[in-house]
1. Mind listing whichever residues of the stretch B:287-324 are within 17 Å of C:Leu40 (Cβ to Cβ), more than 14 Å from chain C (Cβ to nearest Cβ) and among the β-branched types (Val, Ile, Thr)?
2. Among the residues of the stretch B:75-107, how many are surrounded by fewer than 22 Cβ atoms within 10 Å (Cβ to Cβ) and closer than 23 Å to B:Gly275 by Cβ?
3. Mind counting the residues in the stretch C:72-91 that are out of contact with any Phe, Trp or Tyr (no Cβ under 6 Å at 6 or more places or on another chain) and under 16 Å from C:Pro129 (Cα atoms)?
4. Taking the condition of being buried (at least 16 other Cβ atoms within 10 Å of the Cβ), assigned to a loop (DSSP other than H, G, I, E, B) and away from chain C (no Cβ under 14 Å), how many residues in the stretch B:49-65 meet it?
5. For the stretch B:124-143, enumerate the residues that are within 10 Å of chain A (Cβ to nearest Cβ) and in contact with a Gly (Cβ under 9 Å, 6 or more places away or on another chain).
6. Being of a type in the set (Phe, Trp, Tyr) and either surrounded by fewer than 13 Cβ atoms within 10 Å (Cβ to Cβ) or under 19 Å from B:Val174 (Cβ atoms) (or both) is the filter here; which residues of the stretch A:44-74 pass it?
7. List every residue pair whose Cβ atoms lie under 6 Å apart, where the two residues are 6 or more positions apart in sequence or sit on different chains, the first residue falls within the stretch A:54-72 and is at negative phi and assigned by TED's automatic domain parsing to the domain that holds A:Val36, and the second residue, located anywhere, is not in a helix (DSSP H, G or I) and not hydroxyl-bearing (Ser, Thr, Tyr).
Amino acid sequence: MLSQWLFYAFATVSVLGALGLILSRHPMNGAMWFVVTLVSLAGLYSLLSASLLFALQLIVYAGAIMSLIIFIIMFLNIQPADIPDEKGKWAYLLGGCLAVTPIGLLLLKIVSTLPGGEIDIVGNGFGNVKSVGMVLFRDWLLPFEIVSILLLVALVGAVVLAGKKEITQ
Amino acid sequence: MSQLDILLVVLRVAFGAFIPICFIAIGVWMERRGAGFIQDRLGPNRCNIFGFRFGGLVQNLADGVKLIFKEDMIAGHIPHRFYFVLAPVLVFFTALVSFAAIPFADTLVLGGRSYIMQTIPFDIGILWFLACTGFAVYGIILAGWSSHNKYGILGGLRSAAQVIAYEIPMGLAVVSLLVVYGTVNLSEIARFQGQLLFGFIPMWGVILQPLGVVIFIVAAFAETNRTPFDFAEGESEIVAGFHIEYSSMKFGMFFLGEYVAMFASSAIIVTLFFGGYQIPWLATETMVAYAQPIAIVLMLLLPVITYYFTNWIRKNNVSHYYRPNDPLVREANVYIKICWILAAAVELILLTLVVINPSADGVRIFVVLLQMATFLLKATIMCFVYVWVRWTLPRFRYDQLQKLGWQILLPMSLVNIFITSAVVVALS
Amino acid sequence: MTVKIKTLERQGSTFIERLYLIEVFRGMRTTFDHFWRILLDNSKSYVRHYPEVKPEITPRWRGRHRLTTHDDGTVKCVACFMCQTNCPSHCISIEAAERVDGKSEKMPVRFEIDLLECIYCGYCVEACPMDAIRMDTGIYSVISSERSSLVKGMDELLATPGAFSEEDYRKRGL
């Protein structure tokens, strides 16, 4: 019962955070709203007893990546005059919502007509460090390594691009 | 839930919440008196209540009262007041909750049920600590940014870059440690360190991971923004850094947060590398089995320690200039009496333990209390190391800091992971 | 005076010093020695317990000013304005009048020193031809809660006695 209420709370807060990210004008406000979303997502993971994912969400996304983004925002030192004047923001938003509504309704319809499948509740221990590590490094070793090489390539590419610009100047 | 369960939960949470806060007083006191002693001064020792100075601890009370009653002002040029107020709260609370995952005694077994001696029984242990230190940097960034001040922004930028740079070696040092311990759960890590290596050396992290200790402690110093890495507030170049616009208790929160973070990271260093609550050569089961001999040894040791301690008080708690009817001697006499009364009370408790031969529960509680005392003693010593390093080493230069982080600590921690994994694989 | 040149050996280039960690521990040993010494016996600290134990003031010390008198108690000052003219911070103001007791022709009726302006340079003492103003009271801490009381008038300057004997004052070697 408590976990259900917690789920509603976290879900609402994460949606509110996402809304805040879109609607806030100042980039710092947007980033802080996004932190709220990430933390409530971590809460949702913990409700699923995925403790490793919970910790990684907090360490990597909320802790490291977002603080880098905020670092950049701070570094750019954005003044109120620098923020673009968003004319007709609300009209665009309303129009977008109206445009998306039929698709949303369609999706709801599809989901509600899905046949009720058998859902297995996995035991509480499935999300801890050891089991995730076992799955990742035993069953999915090759995809995992490929993804990590992809990230490395992206990293090296970014460094090369940044370096090139400096030389041409 | 029985009443005992609820009582133990309350005790646990109280320990997790109050001990770090109490350690603020001890940390500040240790810092100021320690700085004095290291520089051949005496440090603050004048504040008193009815002539009782408690070695200068009363100064903290005076400073706290002053901070609380100062005018709490927010400068008019600050546009984002919400973040400005939020920042000190974030710094303080992330430091406070990072202590929650640290076990302060072995599992207490009462009437066949076991209770974990940890504020919140986390599985993820050390990961929780890393997450909390990652969040603490938000407080500093927000404080620096929302202060709308050059020095504030510079302090925030420096701190953010530093914490991000040092989180990586810290995390990698933890990885090599996890290879050794085979778990992220801090309770299990502490229990692991109760074993003996070759039958006579305590299996502490410091012996299994000598390189990891150095990397982790250096990174922990950088994460807590303590000298030699306190660039965020480098007063000689950026005045006070991120807390330049703060006054009154909002500044106080930053100040207290620093000491809570210092205590929490001391506790985590102790848990990971110095055996946590373990007393060397006395694992929990050994202590339970030999509770009475241990109690007798303690009973013999206690008067000796009290004798030397009271002698030390009598020697040092005097005025160093002529003063008729020296009030400090009177004060010292009261302290000495208190010491002997306390010692007598503890002796009495130990005597009942020896004579009455209590139930298994009583012995367990005795062991847990001993382990809690050991843990606090170790954490205090580690806090002293923080103070000691602060008053020994000058601040680095900023490029040296980044060079140390990226070019020395990061490769070293990677090498450490390879060596550790190779050794573990070879041995298993 | 010949210039002495002392070449200091440059430290910090050997391998052990570049490791830094060992040097850190050596530094920590030094600081711990100090800590332990004071902890065991805090009378060994190099501290003066100030409000109770005052520093020793030598006759050369330039403390608060005073005006000296003849043996019969009359003021030595002849209102020549030497000190006022010499004062780099313009803290002395004198008003002269005719002297009737026959010691000299002029005497001050008002002699004020603004201690908030004074920089304690001692030029007034050196300029005085009559040895009428001295800075030998040994008062080094002048505090007040209002500005007006820090402008010292003639009565106060005359009332303060010197802290040293005449012999010691002469020997101060100026």
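1. Those that are within 17 Å of C:Leu40 (Cβ to Cβ), more than 14 Å from chain C (Cβ to nearest Cβ) and among the β-branched types (Val, Ile, Thr): B:Ile305, B:Thr310.
2. So the count comes out to 2.
3. Filtering the stretch C:72-91 down to residues out of contact with any Phe, Trp or Tyr (no Cβ under 6 Å at 6 or more places or on another chain) leaves C:72-85, C:87-91.
Filter once more, keeping what is under 16 Å from C:Pro129 (Cα atoms): C:75-85, C:87.
Selection size over the stretch C:72-91: 12.
4. Qualifying residue count for the region: 1.
5. Within the stretch B:124-143, B:Leu130, B:Ala131, B:Cys132, B:Thr133, B:Gly134, B:Phe135, B:Ala136, B:Val137, B:Tyr138, B:Ile140, B:Ile141, B:Leu142 qualify.
6. Our first condition is that a residue be of a type in the set (Phe, Trp, Tyr); within the stretch A:44-74, this holds for A:45, A:54, A:61, A:71.
If the condition is that a residue be of a type in the set (Phe, Trp, Tyr) and either surrounded by fewer than 13 Cβ atoms within 10 Å (Cβ to Cβ) or under 19 Å from B:Val174 (Cβ atoms) (or both), then A:Phe54, A:Tyr61 are the ones that fit.
7. Close Cβ pairs satisfying both conditions: A:Ala55/B:Ile124.
Yes/no per residue for (1) under 21 Å from C:Gly63 (Cβ atoms); (2) exposed (fewer than 14 other Cβ atoms within 10 Å of the Cβ); (3) touching a strand residue (DSSP E or B) at 6+ places or on another chain (Cβ under 9 Å):
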site: C:Gly73; (1), (2), (3): no, yes, no
site: C:Cys83; (1), (2), (3): yes, no, yes
site: C:Glu105; (1), (2), (3): no, yes, yes
site: C:Leu116; (1), (2), (3): yes, yes, yes
site: C:Ile143; (1), (2), (3): yes, yes, no
site: C:Gly153; (1), (2), (3): yes, yes, yes
site: C:Ala159; (1), (2), (3): yes, yes, yes
site: C:Arg172; (1), (2), (3): yes, yes, no
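The values are calculated or read from the model by the stated rules, or taken from the named source; none is laboratory data. If you're wondering where the values come from, they're calculated on a predicted model, not measured in any experiment. Methodologically, a virtual Cβ is constructed for each residue, glycine included, from the backbone with ideal geometry; neighbour enumeration extends over all protein chains shown.
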